[in-house]
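Written below as structure tokens is the structure these notes are about.
The values are calculated or read from the model by the stated rules, or taken from the named source; none is laboratory data. All values derive from a computational prediction rather than experimental measurement. As a convention, Cβ positions derive from the backbone with ideal geometry for all residues, glycine included, and neighbour counts pool all protein chains shown.
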Amino acid sequence: MEGVPIRNARRGDIPSLLLLWTAMMRETAARDPRLALHPRAAEVMAAHLAAWIQDPQRLVVVAEEGGRLVVGFAIGALVPGDGWREPRRMGQITDAYVVAPRRRQGIARRLVGRLLDLLYEKGVDSVRVAVAAQSPEAHAFWASMGWTDLECVLDQAAPPA
């Protein structure tokens, strides 16, 4: 969908970004309750978004429909390698989301593509993304863009007290 511009996020986008991020997290938690939001998550994320938009180590891009309606976003970060494995300078995509009525129109691909361009311009050797295990749609999306499995994170809840 070429008609939906992708641009860097601005401070004025924070309320829209927060709504979309909350929707994304609720969708994720509906698939796996272990990923449920903390009661103060929105408050904490609002502060993070405000800081990230200004941080040169963070990248926040939005898809804006009609010149004012944010329908999707992607967030990335520059992160150092761990020092004992390649790559030495890594990019990470921490979030990518498009509202349900606008999915399957190429917006997410364009958001991720823009984020990748920005990360590679900043000199990263590799980019990684974590995907919720219980999200087959997300796995299919990333695989369709050429991403492959690297690691699997396992989780075990503490026993009841």
Has the stretch 94-107 got any residue that is in contact with a Phe, Trp or Tyr (Cβ under 8 Å, 6 or more places away or on another chain), more than 23 Å from R34 (Cα to Cα) and either aliphatic (A, V, I, L, M) or at pLDDT 90 or above (or both)?
no
Note down all Cβ pairs under 8 Å where the first residue falls in the stretch 41-66 and is under 20 Å from A23 (Cα atoms) and surrounded by fewer than 16 Cβ atoms within 10 Å (Cβ to Cβ), the second is among the basic types (K, R) and at pLDDT below 95, and they're at least six residues apart or on different chains.
A50/R11
Which of the numbered conditions does P15 fail, given that it passes all the others? Conditions: (1) assigned to a helix (DSSP H, G or I); (2) under 16 Å from the mean Cα position of the chain (by Cα).
(2)
Filter pass, I53 being farther than 30 Å from A158 by Cβ and outside any loop (DSSP other than H, G, I, E, B)
yes
Output the residues belonging to the stretch 130-156 that are within 20 Å of R26 (Cβ to Cβ) and in contact with a helix residue (DSSP H, G or I) (Cβ under 8 Å, 6 or more places away or on another chain).
V131, A132, Q134, S135, F141, D155
So V153, is it assigned to a helix (DSSP H, G or I), of a type outside the set (S, T, Y) and either touching a residue at least 12 places away in the same chain (Cβ under 8 Å) or surrounded by fewer than 17 Cβ atoms within 10 Å (Cβ to Cβ) (or both):
no
Please work out which one of (1) under 30 Å from Q156 (Cβ atoms); (2) assigned to a helix (DSSP H, G or I) is the condition L20 fails and give its number.
(1)
Being touching a helix residue (DSSP H, G or I) at 6+ places or on another chain (Cβ under 7 Å) and either loosely packed, with under 14 Cβ neighbours inside 10 Å or of a type outside the set (G, A, S) (or both), is that true of even one residue in the stretch 100-117?
no
